[in-house]
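So the structure is just underneath, and the comments pick up after that.
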Amino acid sequence: MAVISCYEKNKVYVVSISGEITHESVGEINEYLKPILAEIKQNKLTGMILDCKKVTMIDSSGIGMICGKHISLKKEGKRFVLCNLNDRLWKVFQATKLTGNLTIYSNIHEAIMTVGVDGNMKKYESDQSSTETNEVAANRSVPSLDDFMNYKRR
């Protein structure tokens, strides 16, 4: 079971999840996030930060949920970023090659300062300037997030 909390700061929602993001908890998490996502899309909020500091495990259902939220908000010109990934989660996102598609910050303060200041897509695209992100993006064999979501549906 996942424990979820949420607050708004600098025009961005910060959602913290404690516990596992697995097939058993994804439904519950999606229900919790549904009104938050609707509010982000309707209001002048810049996006959502998913604080993973207390996440102990993630499976393919959790990854799919995260990718879905990212795509949904990106289509609306909003931002979806992750922060505070522990070593285990970081390795999962590296292994799935999603570190080149998702924006990941090392801490909540950095995420809030970047996402909360200016959430437009132009800023979002220019944020992907880290060496690692550019190296991954330059590798043509890395699937896009849309490719991942289409593959998952097959």
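The values are calculated or read from the model by the stated rules, or taken from the named source; none is laboratory data. What you see is a predicted model, and the numbers here were worked out from it, not measured in a lab. A quick note on method: Cβ atoms are made from the backbone with ideal geometry, for glycine too, and the neighbour counts reach across all protein chains shown.
Things worth noting here:
- Restricting attention to the stretch 83-119, the residues being under 21 Å from Met57 (Cβ atoms), in contact with a strand residue (DSSP E or B) (Cβ under 9 Å, 6 or more places away or on another chain) and either hydroxyl-bearing (Ser, Thr, Tyr) or modelled with pLDDT under 90 (or both) number 2.
- The single residue among Glu76, Glu20, Glu24, Glu28 that is surrounded by fewer than 20 Cβ atoms within 10 Å (Cβ to Cβ), among the acidic types (Asp, Glu) and either at positive phi or in contact with a helix residue (DSSP H, G or I) (Cβ under 7 Å, 6 or more places away or on another chain) (or both) turns out to be Glu76.
- When residues in the stretch 104-119 are screened for being assigned to a helix (DSSP H, G or I) and either surrounded by fewer than 20 Cβ atoms within 10 Å (Cβ to Cβ) or without any contact (Cβ under 8 Å) to a residue 12 or more places away in the chain (or both), 4 of them pass.
- Listing of helices (runs of 4 or more DSSP H) fully contained in the stretch 16-103 that carry 1 or more residues being in contact with a Lys or Arg (Cβ under 6 Å, 6 or more places away or on another chain), touching a residue at least 60 places away in the same chain (Cβ under 8 Å) and more than 18 Å from Val115 (Cα to Cα): 60-75
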